[in-house]
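What follows is one structure encoded as structure tokens, with my remarks underneath.
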Amino acid sequence: MDITPFEIPLAKWVETLVAYLSDNFGAFFDAIAAFILYLYNLVELLFQTPPSWLMLLIFIILAWRLSGWKFAVFTAAGLWLLDNLGLWQHTMSTMSLVLSAVVIAVVIGLPTGIASARYQFLSQALRPVLDFMQTLPAFVYLIPAIIFFGLGTVPAIMSTIIFAMPPVIRFTELGIRQVPEDVIEAALAFGSTSNQLLFKVQLPMSMPTIMAGINQTIMLSLSMVVIASMIGAGGLGDDVLRAITQLEVGLGFEGGIGIVILAIILDRLTRALVKGGEQINSGSLSR
């Protein structure tokens, strides 16, 4: 016997809402799609235009300056392997997709986290929304992205943004709230305005925590690479997806190794930036 006398038509409500948004806000979604595609094409141009040896040299120097010679050697070996396997173009496409999504997520998430730290009601209102964004299966994001933006790179980036944005918001709010009260009181006592307090005290002191949030956003974006390839994202995820559908173990291993190498490089670089921020803050506090 059914314990409920009626069934809530939740699926129908959601479909009606999505159809209404698609019919009445088409121009708005087209503008968003145009901006995302422009940003992606710009980032991809920066990574695809230079020859592979030049990009390899840039990554090696960056790794050496931020994390030492051992990581520079790993970066050189890893990227050389990807170039040797013929995966360089796909690697740069994946890098462009991830960085485009991360840039937009940070631009939206950073001010949202700052506002959440300032206004308790906003923090409480956003908490269930962020929980929902983080716990909803990643495949579900693909459905509205396809409806609003079709197939291709734009819906892939859009679904990646939604999936990967919560850490930036949470860590930004956490970092600002963790600034010691005595430091804030001292800044206010010296006549700091609200904006001066934010940009000269709170943000610099919370930067390591914010960078940790950006690091998590990058890792979550990379985890969406294979899923996003299902709707035409391309890149390394396309190699893995093709290997799954055609049962090509070797091709899948090559694509997976490429994603792992890229994830390690980006993770170590952002972690090095976090440590650098911590050293700067500790040095300024000691003075």
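Read-outs: derived from the displayed coordinates by stated rules, not from any lab. Fair warning: this is a prediction, and the values are worked out from it, not measured in the lab. All Cβ positions, glycine included, derive from the backbone under ideal geometry; neighbour counts span all protein chains shown.
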### Task
Rounded to the nearest Å, what's the spacing between the alpha carbon centres of the range 76-93 and the range 113-163? Just the number, please.
31 Å
### Inter-site label distance for Val140 and Ala19 at 7 Å from Cα along Cβ, in nm
2.1 nm
### Message
Nothing charged except the Cβ atoms of Lys and Arg (+1) and of Asp and Glu (-1): what's the magnitude of the dipole of the chain about its Cα centre? Round to the nearest 20 debye.
### Response
920 debye
### Summary
From fewest to most C-beta neighbours within 10 Å, the residues Lys200, Lys12 line up as Lys12, Lys200
### Query
So what's the back-of-envelope 222 nm ellipticity for the chain, counting only DSSP H runs of four-plus at -39500 (n - 2.57) apiece and dividing by all residues, rounded to 500?
-27500 deg cm²/dmol
### Query
Counting other C-beta atoms within 10 Å, which of Arg242, Arg170 has the fewest, and how do the rest follow?
Arg242, Arg170
### Task
Which order do the peptides 75-87, 148-160 take when ranked by the mean count of other beta-carbon atoms within 10 Å per residue, highest first?
148-160, 75-87
### Query
Can you name the helices of the chain, as whole DSSP H runs, whose Cα span along the helix axis is 24 Å or more and whose Kyte-Doolittle mean is not below 1.0?
26-48, 88-118
#### Entry: Lys, Arg +1 and Asp, Glu -1 on Cβ, resulting dipole of the range 1-77 about Cα centre, debye, nearest 20
700 debye
